[in-house]
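Shown next, in structure tokens, is the structure this report addresses.
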Amino acid sequence: MTQPELKLILANPRGFCAGVERAITIVEKALEQYGRPVYVRHEIVHNRHVVEELESKGAVFVEELDEVPDKATVIFSAHGVPKSVPAEAERRELFYLDATCPLVSKVHREAERQYEAGRQVILIGHAGHPEVIGTMGQLPEGTVFLVEDVEQAKNITVPDPNNVSFITQTTLSVDDTADIIAVLRERFPQVGQPRKEDICYATTNRQEAVKAIAERCDAMMVVGAPNSSNSRRLVEVAKNVGCPKAQLVQRASDIDWTWLEGVKSLGITAGASAPEVLVQEVLDACMQRYNVKIEDIIVKRESVHFKLPKVLTSEETLEEQMSG
């Protein structure tokens, strides 16, 4: 029986970003250097495949530090943590490594800079997301005002409207965030802003890549986890720029093939925490059911690389590091 034809248009860049690669490498290096088990507070990145791979190597994922035994090695996830978390680790004399993405750490420093300058800080982001919890936790409770959408931006009240600054979560929709910022600038003409864009290069590039192919696709499939902010934004971007339908899948086994009935061109991308092996799974599954032609659209080439913590690149023993 002749297989139906399907054109696969691959967005590029897609998948792992430098912050995700660094965080995963930190866990792997820690396991090599300090042995099993190494504890990780929260998912190191938002992807079950990645978490399960690290679990198989000896990582133990916990929600809070009270689940970590004394004298253990613990790693903080790429999303960042409130200041109370390393403070608690130090109080308990735990050896910890911080895998927070350097671009998230930049937002933390920006929040502190604005607060120390006496400004009221508005954070544009999604309530409950680990990155937002971590960023708000850099400052005293109640001093950060969270705005999630345009409507909230229109209605937010702050004690001193003439002394306001904003920062943003790194994984937001570029277009939606621009709309929110426009409202804040209209309401607070003197509003301060980050010295450099907070939305990270990887989020921006992956959204631009989706925009470049969306109008050519009957459907868009985003490989990523449902709790991954940047992956969910890619689905929204695809729909907003002209793709008739778009959906998130964690891996090939999750695909509803009836959803692809009538589709002649399928766009495929992956969120920043989704490994390329899962994209390949989807491609292989499509090849089993369709006569596939593949076109790879490269919008930008990425060469960003973040350094690992020095303790993972030195020859010191754990005892020497802790005593130092």
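The values are calculated or read from the model by the stated rules, or taken from the named source; none is laboratory data. As the structure is a prediction and not an experimental result, all values here were calculated from the model. All Cβ positions, even for glycine, are placed from backbone atoms using ideal geometry, and neighbour counts span all protein chains on display.
Summary of computed values
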{"quantity": "Selection count where residues are buried (at least 20 other Cβ atoms within 10 Å of the Cβ) and closer than 24 Å to residue 236 by Cα, scope the range 143-176", "calculated": "10"}
{"quantity": "Pair list, Cβ under 8 Å, 6 or more apart: the range 125-136 residue outside the structural domain of residue 45 (by TED's automatic domain parsing), other residue assigned to a helix (DSSP H, G or I) and among the charged types (D, E, K, R)", "calculated": "125/131"}
{"quantity": "The range 109-129, subset surrounded by fewer than 21 Cβ atoms within 10 Å (Cβ to Cβ) and part of a helix (DSSP H, G or I), residue farthest from the chain's Cα centre (by Cα)", "calculated": "116"}
{"quantity": "Residue match in the range 89-105 (condition: touching a Cys at 6+ places or on another chain (Cβ under 6 Å), over 19 Å from residue 30 (Cβ atoms) and surrounded by 14 or more Cβ atoms within 10 Å (Cβ to Cβ))", "calculated": "yes"}
{"quantity": "Spans of strands (runs of 3 or more DSSP E) in the range 1-67 with at least 2 residues closer than 18 Å to residue 85 by Cα and not assigned by TED's automatic domain parsing to the domain that holds residue 248", "calculated": "38-41, 59-62"}
{"quantity": "Count of residues meeting criterion [out of contact with any Phe, Trp or Tyr (no Cβ under 8 Å at 6 or more places or on another chain), surrounded by 20 or more Cβ atoms within 10 Å (Cβ to Cβ) and assigned to a loop (DSSP other than H, G, I, E, B)] in the range 271-296", "calculated": "1"}
{"quantity": "The range 70-87, subset touching a Leu at 6+ places or on another chain (Cβ under 9 Å) and not in a strand (DSSP E or B), residue surrounded by the fewest Cβ atoms within 10 Å (Cβ to Cβ)", "calculated": "70"}
{"quantity": "Residue in the range 202-222 that is farthest from residue 278 (Cα to Cα), counting only those that are of a type in the set (Val, Ile, Thr) and free of Cβ contacts under 8 Å to residues at least 60 places away in the same chain", "calculated": "204"}
{"quantity": "Per-region count, the range 1-50, residues in contact with a strand residue (DSSP E or B) (Cβ under 9 Å, 6 or more places away or on another chain) and farther than 30 Å from residue 65 by Cβ", "calculated": "14"}
{"quantity": "Out of 50, 38, sole residue that is among the aliphatic types (A, V, I, L, M), modelled with pLDDT of 95 or more, under 18 Å from the mean Cα position of the chain (by Cα) and crowded, with 17+ Cβ neighbours inside 10 Å", "calculated": "50"}
{"quantity": "The range 24-39: number of residues that are under 19 Å from residue 52 (Cβ atoms) and among the hydroxyl-bearing types (Ser, Thr, Tyr)", "calculated": "2"}
{"quantity": "Residues of the range 198-215 that turn out to be surrounded by fewer than 16 Cβ atoms within 10 Å (Cβ to Cβ) and either touching a Pro at 6+ places or on another chain (Cβ under 6 Å) or at pLDDT below 95 (or both), as a count", "calculated": "1"}
{"quantity": "Counted residues, the range 44-68 - those being out of contact with any Asp or Glu (no Cβ under 9 Å at 6 or more places or on another chain) and touching a residue at least 40 places away in the same chain (Cβ under 8 Å)", "calculated": "6"}
{"quantity": "Complete set of residues in the range 15-35 that are surrounded by 24 or more Cβ atoms within 10 Å (Cβ to Cβ) and either at pLDDT below 95 or of a type outside the set (Val, Ile, Thr) (or both)", "calculated": "17, 19, 23, 30"}
{"quantity": "The range 255-314 - residue that is among the charged types (D, E, K, R) and within 24 Å of the chain's Cα centre (by Cα) and, of those, nearest to residue 201 (Cα to Cα)", "calculated": "302"}
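Conditions (1) crowded, with 20+ Cβ neighbours inside 10 Å; (2) assigned by TED's automatic domain parsing to the domain that holds residue 47; (3) touching a strand residue (DSSP E or B) at 6+ places or on another chain (Cβ under 9 Å), marked per residue:
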position: 228; (1), (2), (3): yes, no, yes
position: 237; (1), (2), (3): yes, no, yes
position: 241; (1), (2), (3): no, no, no
position: 244; (1), (2), (3): no, no, yes
position: 253; (1), (2), (3): no, no, no
position: 256; (1), (2), (3): no, no, yes
position: 259; (1), (2), (3): no, no, yes
position: 266; (1), (2), (3): yes, no, yes
